[in-house]
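Bear in mind that the values in this text are calculations on the coordinates, not laboratory data. Please read all numbers here as calculations on a predicted model, not as lab measurements. No Cβ is skipped: glycine too gets one built from the backbone with ideal geometry, and neighbour counts run over all protein chains shown.
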Amino acid sequence: MRDFHLPGRSPVLALNGACATSHPLAAKEAVSILERGGNAMDAAIAGAVLLGLCEPAMTGIGGDLFALVSKGPGAEVEAMNGSGRAAAGADPEKLRAEGHAKVPLQSPWAVTVPGAVDAFCRLSESYGKLGLEALLEPAIRHAEAGVPVAPRVAWDYAFKHKTLNETARRHFLPNGEVPQVGTLFRAPGQAEVLRRVAREGAQAFYEGEVAEDMVAALQALGGPQTVEDFAGVEATPTRPVSGMYRGIELLEHPPNGQGATAILLLNILKHFDIASMDPWGPERAHIEAEATKLAYDARDRFVSDADHMTRLDHMLSDATAEELAALIDPRRVMPSPAALSEAVHRDTVYITVVDKDRMAVSLIYSIFHGFGSGIASEKFGILLQNRGAGFSLQKGHANEMAPGKRPMHTIIPGMLRENGRVIMPFGVMGGAYQCTGHARFTTNVHDFGLDPQAAIDGPRCFATDGVLNVERGYPEATRTALADLGHDVRVPDEAIGGAQAIHIRPDGVLMAGSDPRKDGCAIGY
């Protein structure tokens, strides 16, 4: 139990249904859908689409999504890949010839065709009850009336708005200025797009005037996209991958998502007695950081479009994890994870809803970097993702950019299962951090017995690009000890990620938590 002398949140407890997400308006509308007789998928879709208006720097209909869903107790967990593909004219040779080692973030070459709208439509048809008109109504209503900018959203605007191009600034900066807390953000163009999708389905987005508007914006900047690229979008039903951690099963979306990396990371960590460590002490942070480096090195080597990835079994193998765990020295920082692991590898916004029937949905929806590519369409103001930046430009790499190919994705929905029963849909936002976040959340819950809210609230650290980012929530003594082990310790300006989770307890009670690093909340009824 938390210390009630200190600021914090209690988990939300409910019997009939619950939603946890990163903005209160989205959580409220999702629960309203449940109260009207909709199921968890209906609520997740309604809330997620609204998040694109509540948090425009994070997500929107110009982005992608992945989802995991369990229809109820005993049902198999199914997955939906709503990530878009590179245009038929995608040409890595052109980018290499121009001197690029990576795909330029704010360029049309970083834009893959958005897959989210098709995925929303297919998820509604396959799992929902109420239909698109009812599910899109809340987002349409708020897009027209305006959403007051919340504190974390205002922070995102202040630090990330410079990526917006001239057209995007007209659509996303109210009165041409960076919005302050409480400023109303309206998106009438997006409201019109959603009205058309509600009437006509995904075709209204991927064909005709709306698609032409997006293609025109990209082609004006030299992009290779065509209306044929948009007309060919198709979300893909698939099956999750999974791994065991001390009796609990972690389910992840398969590649091209990076979820296999979270499983590999947990497989490495289970070779250490995490439960015996101080949860916020240097020993756990050090082991997690070193395991993260090794797991992400494997990700960067292997994760790609499922049609191009040949080493998934290798990543999920206990033998691989055992060999990698043996490379970790508890007393010092490893010099180079890539060099050390070479012999082992011989041959990259969230909402969760549970309903009264215990359908569980774990859905993550994103435009990648803050404000995506920064490119918006002229008429409808659709901000386009930069997921193509997830491609490699290394010739011959499994994740090399290619026509019609899906890039490696950082967004990953998760679920925990025990003895065949789904016990917790959860997700962790934060770009590349998400795999480490999934592993940390799982060990917080399983090794330290924390409830979902406490597991989310705990301080975070993340090893990336030779730096160990350590949040201010850690004791100063932990940061000092980590520096003594050889880590380049830094306190990041931005809090690390965000998270939501709903625990489906055996007694029928739902226990939900939402990250204070965002503006959102958990709501139940």
When CYS54, CYS19 are ranked with the fewest other C-beta atoms within 10 Å first, the list becomes CYS54, CYS19
Applying the gyration tensor rule to the Cα atoms of the stretch 139-210 (axes a ≥ b ≥ c; rounded if a/c under 1.5, else prolate if a/b exceeds b/c, else oblate), the class is prolate
Per 5 angstrom bin, beginning at 0 and ending with the bin that holds the maximum distance, the Cα pairs of the stretch 312-460 fall in percents of 1, 7, 11, 14, 17, 17, 15, 10, 5, 2, 1, 0
Once the in-chain neighbours fewer than 8 apart are removed, the lysines whose Cα is under 22 Å from LYS395 read LYS94, LYS102, LYS405
Given (i) 1.07; (ii) 0.95; (iii) 0.98 as possible values of Rg/Rh (Cα atoms, Kirkwood Rh), the one from the coordinates is (ii)
Flagged as over-length at 19 Å C-alpha distance, from LYS28/LYS356; LYS28/LYS160; LYS71/LYS518, the pairs are LYS28/LYS160; LYS71/LYS518
Relative contact order of the stretch 1-131 (C-alpha contacts under 8 Å, at least 6 apart) in percent is 24
Checked the stretch 351-425 with the C-alpha gyration tensor, a ≥ b ≥ c its square-rooted eigenvalues, rounded below a/c of 1.5, otherwise prolate if a/b is larger than b/c and oblate if not; verdict oblate
By the Cα gyration tensor axes a ≥ b ≥ c (a/c under 1.5 gives rounded; else a/b larger than b/c gives prolate, otherwise oblate), the shape of the stretch 186-242 is oblate
Long-range share for the stretch 376-525, i.e. C-alpha pairs more than 26 Å apart as a percent of all pairs, stands at 43
When ARG472, ARG406, ARG417 are ranked with the fewest other C-beta atoms within 10 Å first, the list becomes ARG472, ARG417, ARG406
Calc'd 3J(HN,Hα), the stretch 150-161, phi into Karplus 6.51 cos²θ - 1.76 cosθ + 1.60 (θ = phi - 60°), Hz, glycine/Pro = x, comes to 7, x, 5, 5, 4, 4, 4, 4, 4, 9, 10, 5
